[in-house]
Amino acid sequence: MNLEKYLTLGDEVRQAKDKGRPLVALESTIISHGMPYPENVKTALEVESVVRSRGAVPATVAILDGKIVAGLSGAQIEELGRKGQGVVKASRRDLPVILAKRIAGATTVAGTMIAARLAGIEVFATGGIGGAHRGAQRSFDISADLTELARTDVAVVCAGVKAILDIGLTLEILETLGVPVISYGTDNFPAFYTRSSGFKTECRCDTPAEIARALRCKWDLGLAGGAVIANPVPAAAEANPALKEEAIALALAEADKLGIAGKRVTPYLLEKIALVTGGKSLATNIALIKSNAALAADIACSLRS
Ligand code: PSU
Ligand code: MN
């Protein structure tokens, strides 16, 4: 396949690849659908700076003008952030049509993993991954992020999954799919806004080098697929659990009443929770993404050493 037909690398990313420097992919659904403007743009640019400050090179991913772009410019990030929900959310199944129609797409975790693999990037940092929604036994609403983790060789550093999801069910599905879930510096699986979900993980690593070695073993052995690296939110930025649970209950009830379904569910819940918690959840969100970017950069550097 002629990769250049579909993939464009930003200048900084191209130079980094030529020199064999460590890279970290970053998603854009979080910019367009996960946070309000202008905090989304400011955060996206700051997250890139965090990656650079740890000696790696950021590659923020989106789809623009019929190409998957790995390494957006500041102006491109600004445009995606300003358009917000006006940009189409792009997961695996959406990529072909968005590319063919030459419209803009904000890549989800699944979409960004695909782009990262095409660009030869092994590590990706985000806030939270998608998972099995509460009631998934009936609705079948299970994010394509999980099946992507089973097939695409990219490690995803996140702060766990939000309690808007069924965390236990999400972990069971990841186990079935053979996806390693590694908690960083803890035996607990984090729940995005809070440091523990109440669920334990079987795998714990305490250093980025240890995580990098585990990833290398996996891929050397041909065990296809990615890994979830779960990094708990920094303690100082942890949200009040009671406030968060109340906001989630309200958001879920509202979504149900309005009949929100399909790809609109996750962005709707995120927006509602941000609104209900009066911006408190946003501060937590920003702190944890930066912390994930730092860990991802450290892992990417370890993978190169
Ligand atoms: N969870 C969050 N924040 C997010 C997302 C999920 O806490 O921004 C975004 C990510 O881009 C993720 C996507 O890949 O939502 C999952 O959407 P869905 O549940 O429709 O697969
Ligand atoms: Mn869904």
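Only the coordinates and a few stated rules stand behind these numbers; no lab work does. Just so it is clear, the structure is predicted and the values come from calculations on it, not from any experiment. Every residue, glycine as well, gets a Cβ built from its backbone with ideal geometry; the counts of neighbours run over all protein chains shown.
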Could you list, in sequence order, all residues of region 252-305 that are away from ligand 1 (no atom under 12 Å from the Cβ) and hydroxyl-bearing (S, T, Y)?
-> T277, S291, S302, S305
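Taking the criterion of being at positive phi and surrounded by fewer than 17 Cβ atoms within 10 Å (Cβ to Cβ), would at least one residue in region 215-236 satisfy it? Explain how you work it out, then say what you get.
Looking only at region 215-236, we keep the residues that are at positive phi, and these are 222, 225.
Within this subset, residues satisfying the condition of being surrounded by fewer than 17 Cβ atoms within 10 Å (Cβ to Cβ) are 222.
So far as region 215-236 goes, yes, one or more of its residues are at positive phi and surrounded by fewer than 17 Cβ atoms within 10 Å (Cβ to Cβ).
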Within the bounds of region 185-193, is there any residue that is surrounded by 23 or more Cβ atoms within 10 Å (Cβ to Cβ), among the hydroxyl-bearing types (S, T, Y) and outside any helix (DSSP H, G or I)?
-> yes
Could you please find all residues in region 212-257 being touching an Asp or Glu at 6+ places or on another chain (Cβ under 7 Å) and assigned to a loop (DSSP other than H, G, I, E, B)?
-> A224, G225, G226
Might you check whether a residue that is of a type in the set (D, E, K, R), within 16 Å of ligand 2 (Cβ to nearest atom), buried (at least 24 other Cβ atoms within 10 Å of the Cβ) and over 20 Å from I248 (Cα atoms) occurs anywhere in region 131-149?
-> yes
Identify all residues within region 120-138 that are without any contact (Cβ under 8 Å) to a residue 60 or more places away in the chain and either over 17 Å from T107 (Cα atoms) or among the basic types (K, R) (or both); write none if there are none.
-> A132, G135, A136, Q137, R138
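Could you check, for region 12-30, whether at least one of its residues is at positive phi and not acidic (D, E)? Walk me through it before giving the result.
Quick first cut of region 12-30, residues at positive phi only: 20.
In the following step, the residues that additionally are not acidic (D, E) were identified as 20.
Looking through region 12-30, at least one residue is at positive phi and not acidic (D, E).
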